[in-house]
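So the structure is just underneath, and the comments pick up after that.
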2 protein chains.
Amino acid sequence: MEKNAQAMANRSCIIRLSRYKNALNRLKSLNFVRVFSDNLADAAGVTAAQVRKDFSLFGITGNRRGGYKVDDLSDQLNKILGKDQLQEVVVIGVGNIGRALLHYPGFDRSGISIAAGFDIDPAKYHPDGQPPVLPLEQLAEAIRARDVRLAILAVPDYAAQQVLELTLSAGIKGVLNFAPICLKAPGGCVVTNINLETELENLIYFVNATSDRN
Amino acid sequence: MEKNAQAMANRSCIIRLSRYKNALNRLKSLNFVRVFSDNLADAAGVTAAQVRKDFSLFGITGNRRGGYKVDDLSDQLNKILGKDQLQEVVVIGVGNIGRALLHYPGFDRSGISIAAGFDIDPAKYHPDGQPPVLPLEQLAEAIRARDVRLAILAVPDYAAQQVLELTLSAGIKGVLNFAPICLKAPGGCVVTNINLETELENLIYFVNATSDRN
């Protein structure tokens, strides 16, 4: 049944599950024991019906009177999202964005650990750092030694496709790409592109469209 | 007609327009004069029919034999995306991520200029910096003086809602939010949430789902 759910769940659904899980973590820290679909709907900016639909896809049930137990629900969501085990990630490209991500405190909190950073510029190497920054040539070895499956790409656009191929041949299965170019995922690998310029352009368009209407 | 198009265009369509525009910029730098919907489709990872549909929504037409003129098409897309004028942006919160964004070279290239950074920590103030980092109390004044309408939020989650309200009351119309909390946009304002943990969680889920299937 879970296989089916995985096949049916799409990106939007998984992003909503992450939001419910983040809301639950906040409720846990406030010592909440129970939560209702309406509460989670408010926190994630969706309808309560959507929350129940998402949960039913994964066989998670609450009850109308008592809602969901915060602890149980949190465990179930963590398991679905693969957060029941520590996830190691490498950062490739230690420029402005890469360096910020190496030291981003939010990852620790979510059970995500940055194993190392990699660059081609010797001035950026820092093998004793926490996390260390290593030469790009050591990427494949480091990935295999620690069985890392996830990489964040923060390299210039012209280097991105080549670095992606290097990364995948080293065994990486999932890539979060910050290079301002839309990378294509070959089979057996998942690539998510985050393009900061595109996001800002999108914002500019809708701000202008809204102002024009006023 | 343009009003209709603006009403009909959704976020996905605008993100595709940004991708076409970025591909065009690359083609321009290679001295291309003409481009076909198939080329743009490949660059943006969509079908050629989708490209033509997106363009027709904004009254952009090419012809089957000659395709589109790169320069004309680029101008039209820049106008739609509000890129025909320099867009100033403020960055609020100068931690790891905020500092990286203050100095992100990709923005310059896209006609986006970071006007200033703001923080509440005096240790981060740097009024003579390029761009300057100023006390948060000066935000409203700076925004009004320069008619800035866009802000990037890179503050901790517990501060995000309060800073959002401050920002909007100072006249900001569009916010790109990096705080790991899903902020809601009141009427007349556009908020885009980029949650790095959620993006990584999403990736972890799909990597696990793909591996399970093999």
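Between region A:110-129 and region B:137-214, what is the C-alpha centre distance in whole Å?
Each part's Cα centre sits 27 Å from the other's.
List, in order, the whole-Hz ³J(HN,Hα) value for each residue of region A:34-47 obtained from phi through the Karplus relation with A = 6.51, B = -1.76, C = 1.60 and θ = phi - 60°; use x for Gly and Pro.
Ordered by residue, 3J(HN,Hα) equals 10, 8, 10, 4, 4, 4, 5, 4, 4, 5, 9, x, 10, 8 Hz.
Given a 1.4 Å probe and the protein chains all in place, what does the accessible area of B:Thr198 round to, in Å² to the nearest 10?
That residue has around 10 Å² of solvent-accessible surface.
Arrange the peptides A:128-139, A:160-171 so that the one whose residues have, on average, the most other Cβ atoms within 10 Å appears first.
Ranked from most to least packed, the peptides come out as A:160-171, A:128-139.
Using θ = phi - 60° and the Karplus relation 6.51 cos²θ - 1.76 cosθ + 1.60, list the HN-Hα couplings for region B:189-204 in order, rounded to whole Hz, with x at every Gly or Pro.
For region B:189-204, the Karplus-derived couplings read 9, 10, 10, 10, 9, 10, 10, 5, 5, 4, 5, 5, 4, 4, 4, 4 Hz, x marking Gly and Pro.
Can you list, shortest first in nanometers, how far B:Asn31 lies from the same residue in the other copies, with each label 7 Å from Cα toward Cβ?
Spacings between copies for this position, smallest first, are 7.4 nm.
What FRET efficiency comes out for the pair B:Ala145/A:Ser12, r = Cβ-Cβ distance, R0 = 51 Å, nearest 0.05?
Result of the calculation: an efficiency of 0.80.
Taking the Cβ of B:Val94 as the centre, find all other residues whose Cβ is under 9 Å away and add up their charges (Lys, Arg: +1; Asp, Glu: -1).
0
For the full complex of protein chains and a 1.4 angstrom probe, list B:Glu201, B:Glu88 by accessible area with the highest value first.
These residues rank, largest area first, as B:Glu88, B:Glu201.
Under a crude label model (7 Å from the Cα following the beta-carbon direction), how far is B:Asp72 from A:Arg65 in nanometres?
Reported label-point gap for B:Asp72 and A:Arg65 is 7.1 nm.
Give, as a single signed number, the net charge of other residues whose beta carbon lies under 12 Å from the beta carbon of A:Leu27, with Lys and Arg counted +1 and Asp and Glu -1.
Computed value for this residue: +3.
Would you rank B:Ser12, B:Ser113 by solvent-accessible area, highest first, keeping every protein chain in place and using a 1.4 Å probe?
B:Ser12, B:Ser113
Considering only DSSP beta bridges whose two residues both sit in region A:87-198, what percent are antiparallel, to the nearest 5?
If we restrict to bridges inside region A:87-198, about 5 percent are antiparallel.
Between copies, how close do the B:Gln161 label points come, placed 7 Å along Cα→Cβ, listed in nm from shortest?
4.6
Find, among the residues of chain B, the one whose Cβ sits nearest the axis of the rotation taking B to A; state the distance in whole Å.
B:Ala100, 2
By DSSP, what percent of the beta bridges with both residues in chain A are antiparallel, rounded to the nearest 5?
15 percent
Taking amide H positions as placed in the peptide plane 1.01 Å from N, state which residues far from B:Ile152 in sequence (5 or more) or on other chains have amide H under 5 Å from it.
For B:Ile152, the qualifying residues are B:Val90, B:Val91, B:Ile92, B:Leu176.
At a Förster distance of 35 Å, what's the computed FRET efficiency of B:Asp128 paired with A:Glu165, Cβ-Cβ distance as r, to 0.05?
That gives a FRET efficiency of 0.20.
So how many Lys-Lys pairs in chain A land under 15 Å Cα to Cα, not counting same-chain pairs under 8 apart?
Step by step, the pairs that qualify in chain A add up to 6.
Given a Förster distance of 25 Å, report the FRET efficiency between B:Asp108 and A:Thr210 from their Cβ-Cβ distance, rounded to the nearest 0.05.
E(calc), rounded to 0.05, equals 0.45.
Let me confirm one metric for peptide B:183-196, namely the mean number of other chain beta-carbon atoms within 10 Å of its residues' beta-carbons.
Neighbouring Cβ atoms belonging to other protein chains average 4 per residue here.
How far is A:Ala140 from itself in the other copies, in nm, if each label sits 7 Å out from Cα along the Cα-Cβ line, shortest first?
Spacings between copies for this position, smallest first, are 6.0 nm.
Pick out which of A:Gly93, A:Gly82, A:Gly188 has the largest mean-square fluctuation in a Gaussian network model of chain A, springs linking Cα atoms closer than 10 Å.
Per the Cα network of chain A with a 10 Å cutoff, A:Gly188 tops the list.
Quick one: accessible surface of A:Ser211, probe radius 1.4 Å, all protein chains present, in square angstrom to the nearest 10.
Accessible area, nearest 10 Å²: 40 Å².
Provide the per-residue ³J(HN,Hα) series for region A:115-131, in order, calculated from phi with Karplus coefficients 6.51, -1.76, 1.60 and θ = phi - 60°, each as a whole number of Hz, with x at glycine and proline positions.
Coupling constants for region A:115-131: 6, 5, x, 9, 8, 9, 9, x, 5, 9, 4, 7, x, 9, x, 10, x Hz.
The values are calculated or read from the model by the stated rules, or taken from the named source; none is laboratory data. Quantities reported herein were computed from a predicted structural model and do not represent experimental measurements. Methodologically, a virtual Cβ is constructed for each residue, glycine included, from the backbone with ideal geometry; neighbour enumeration extends over all protein chains shown. When the accessible area is computed, the model is the full protein with side chains, heavy atoms only, and any ligands, DNA or RNA have been set aside. Shrake-Rupley method; radii C 1.70, N 1.55, O 1.52, S 1.80 Å.
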